[in-house]
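Student: Could you have a look at this structure, given as structure tokens, before my questions?
The values are calculated or read from the model by the stated rules, or taken from the named source; none is laboratory data. Keep in mind that this is a model prediction, so the values were computed, not measured. For neighbour counting, all protein chains shown are included, and Cβ atoms are generated from backbone atoms with ideal geometry for every residue, glycine included. Note: areas computed on protein heavy atoms with side chains; ligands, DNA, RNA excluded. Shrake-Rupley method; radii C 1.70, N 1.55, O 1.52, S 1.80 Å.
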Amino acid sequence: MPKIPGVLIVGGGAVGLMTGLKLAQEGVPVTILEAESKLVEEYRASTFHPPTIEMLDKVGVAEELAAKALIADKFQLRDRHSGLIAEFDLAVLSKDTRYPYRLQIEQYALSLILYERLSILPNVQILFNHSVINLTKNDGMISVDVKTPTGIETMEAAYVVGADGARSIVRSKSSISFEGMTYPERYFVTMTTFDFREVMPDLAAVNYVSDPKEWFVLLRSPGLWRVTFPTNPEETIYDTDTDPDILESIAQELYQKVHRTGSPYPITYKSMYRVHQRIASNYRNGNVFLAGDAAHVNNPLGGMGLNGGLQDAFFLGSAIAANWNKTHGENILDHYAVERRKIAINFIQAQTAQNEENMRQRDPVIRADKQREMKKIAADKQLSREYLLRTSMILSIKSMVALPDGL
């Protein structure tokens, strides 16, 4: 271990690894602590928006990710019964970004790429089976108590980053509250090798299919289709998240409602999980920082959760590196905490809540009005561009208040 580990990052998922890579490339010594014995194979997210791709390019991994991913330059809003409502072409953003499209690939693919890049850097160490149990401030440093395979060890760092998910121990031990709500229904994310385009040839790679009770999201990834459903909170069968037979039965029933085949679907992945809209009361407590799900969680409609976390990682890595290298003072650290929280509230939380409301709107008048509005927006290039700037997260990045001498 370095004599002074500049930054301890708690959590070895995509957000923690992205933060670590940005810091290490700026010359900051980094130690990443992961509680599990290996990289967690996380599949909840699969969409990478244009600003995120730009940041991945700046740390040198976008090209490798794109080579493995599916490029989605269009997405559709659909109605479960009447079909296509509107199709949006991200090509209208060609003057706003070098990447006027989404990359579709499971987030685990990015984690693997980031891990490989970090593994060869001399100022980085990644420690598995290391669980943080406490942290305290000590003479300008932060002491972190860690449960390791050989017992409890105390590590010290100038900065600590909590990238340890919605149940963040870093957030908890920093006395930062996590405000918001939990949706009553659970979400059920599945994957299949069945090609839905064989039976619905007009599908885009990304499809949001609305319905008052049985909406779903249908996304294409390399070699797979991902289908995400809400579940009825009043039915106890949906309380399970472990019984493979029950999950398979639920999946087959829901898939037959998407398209009746008369035979079982080849379903390769199933996971039931709770969905929240929550945000940390502060992203900073001294030199302890939060990023990703430790800082904000939201429903997955629109693919903003992981993207928001990776963007947190890029800006936090930049801010800490600038402070470490003495090119910026404390203002850069406050800038991260204030601006990224503002974006989570005004853009990520607001947009995902609106997406969820649109998908499940039950009032037929409001529903019809919204569908007419979306058709009008999609048919007008300028209105479409304005809508896509928001939903692709470009506008959220542009809204950040710049430092006087930049970042």
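Student: Specify the inter-centroid distance of the range 286-307 and the range 157-203, based on alpha-carbon positions, in whole Å.
Tutor: Going from one Cα centre to the other spans 8 Å.
Student: Continuing with this model, one more query. Kirkwood hydrodynamic radius, computed over distinct alpha-carbon pairs, for the range 118-233: how many Å, to one decimal?
Tutor: Working: mean 1/r = 0.0531 Å⁻¹.
Over the range 118-233, the inverse of the mean reciprocal pair distance is 18.8 Å.
Student: GNM on the chain, C-alpha springs below 10 Å: top fluctuator among Asp243, Asp293, Asp57?
Tutor: Comparing Asp243, Asp293, Asp57 in the GNM, the peak value goes to Asp243.
Student: With +1 on each Lys and Arg Cβ and -1 on each Asp and Glu Cβ, and nothing else charged, work out how big the dipole of the chain is about its Cα centre, in Debye to the nearest 20.
Tutor: On the way: 44 positive and 49 negative charges, 162 e Å.
Magnitude of the dipole: close to 780 debye.
Student: With only Lys, Arg, Asp and Glu charged, each at its Cβ (+1 for the first two, -1 for the last two), find how big the charge dipole of the range 33-122 is about the Cα centre; round to the nearest 20 debye. Present the calculation step by step, with values, prior to reporting the outcome.
Tutor: Numbers: 11 positive and 15 negative charges, 40 e Å.
That gives the range 33-122 a dipole magnitude of about 200 debye.
Student: Also: Cα extents of the range 17-58 along the three principal axes, largest first, in whole Å?
Tutor: Principal-axis extents of the range 17-58 (Cα, largest first): 29, 28, 8 Å.
Student: Whole-Å semi-axes of the range 190-312's equivalent ellipsoid, largest first, each the root of 5 times a Cα gyration tensor eigenvalue? Display every interim value, and only then the final one.
Tutor: Working: eigenvalues 195, 66, 33 Å².
Semi-axes from the Cα gyration tensor: 31, 18, 13 Å.
Student: Something else about it: Go through Lys74/Lys381; Lys38/Lys68; Lys74/Lys375; Lys22/Lys68; Lys147/Lys270 and tell me which ones have a Cα-Cα distance over 24 Å in this structure.
Tutor: On the way: Lys74/Lys381 14 Å; Lys38/Lys68 22 Å; Lys74/Lys375 15 Å; Lys22/Lys68 22 Å; Lys147/Lys270 31 Å.
Over 24 Å Cα-Cα: Lys147/Lys270.
Student: Heavy atoms only, probe 1.4 angstrom, no DNA, RNA or ligands counted: give me Lys173, Lys74, Lys376, Lys326 ranked by accessible area, highest first. Could you put the intermediate results ahead of the total?
Tutor: Values: Lys173 90, Lys74 70, Lys376 140, Lys326 175 Å².
In descending accessible area the options line up as Lys326, Lys376, Lys173, Lys74.
Student: Find the accessible area per residue for the chain; the probe is 1.4 Å, ligands and nucleic acids are left out, and the unit is Å². Could the numbers behind the result be given before it?
Tutor: Values: 17330 Å² over 407 residues.
Ligands and nucleic acids excluded, the result is 43 Å² per residue.
Student: Turning to a different aspect of this structure: Among rounded, prolate and oblate, which fits the range 1-152 when a ≥ b ≥ c are the square roots of the eigenvalues of its C-alpha gyration tensor, a/c under 1.5 means rounded, and a/b larger than b/c means prolate?
Tutor: Numbers: a/c = 2.75, a/b = 2.07, b/c = 1.33.
The shape class here is prolate.
Student: Rounded to the nearest 5, what is the percent of antiparallel bridges among the DSSP beta bridges in the chain? Before the final figure, lay out each step's value.
Tutor: Details: 55 of 75 bridges.
In the chain, approximately 75 percent of DSSP beta bridges are antiparallel ones.
Student: Of Ala69, Thr31, Pro5, whose Cα points farthest to the positive end of the dipole of the range 1-74 (charges on the beta-carbon: +1 Lys, Arg; -1 Asp, Glu; origin at the Cα centre)?
Tutor: Result: Pro5.
Student: Considering only Met55, Leu389, Asn323, whose Cα is most displaced toward the positive end of the charge dipole of the chain, charges sitting on Cβ of Lys, Arg (+1) and Asp, Glu (-1)?
Tutor: Leu389
Student: What is the percent carbon and sulfur in the accessible area of the range 174-279, measuring with a 1.4 Å probe over the protein chains and ignoring ligands?
Tutor: On the way: 2380 of 4760 Å².
C and S fraction of accessible area: 50 percent.
Student: Moving on to the next point. Given just the C-alpha atoms of the chain, how large is their convex hull per residue in cubic angstrom?
Tutor: Values: hull volume 58.8 nm³, N = 407.
Measuring per residue, one finds 144 Å³ for the Cα hull of the chain.
Student: For the chain, modelled as a Gaussian network with Cα springs under 10 Å, which listed residue fluctuates most, Thr327, Thr52, Thr391?
Tutor: Residue with maximal mean-square fluctuation among Thr327, Thr52, Thr391: Thr327.
Student: Looking only at Gln277, Gln256, Gln76, which one moves most when the chain is put into a Gaussian network model with springs between Cα atoms under 10 Å?
Tutor: Gln256
Student: Can you tell me the Rg and Dmax of the range 48-116, counting just the alpha carbons, in angstroms?
Tutor: Looking at the range 48-116, its Cα Rg and Dmax stand at 14.2, 46 Å.
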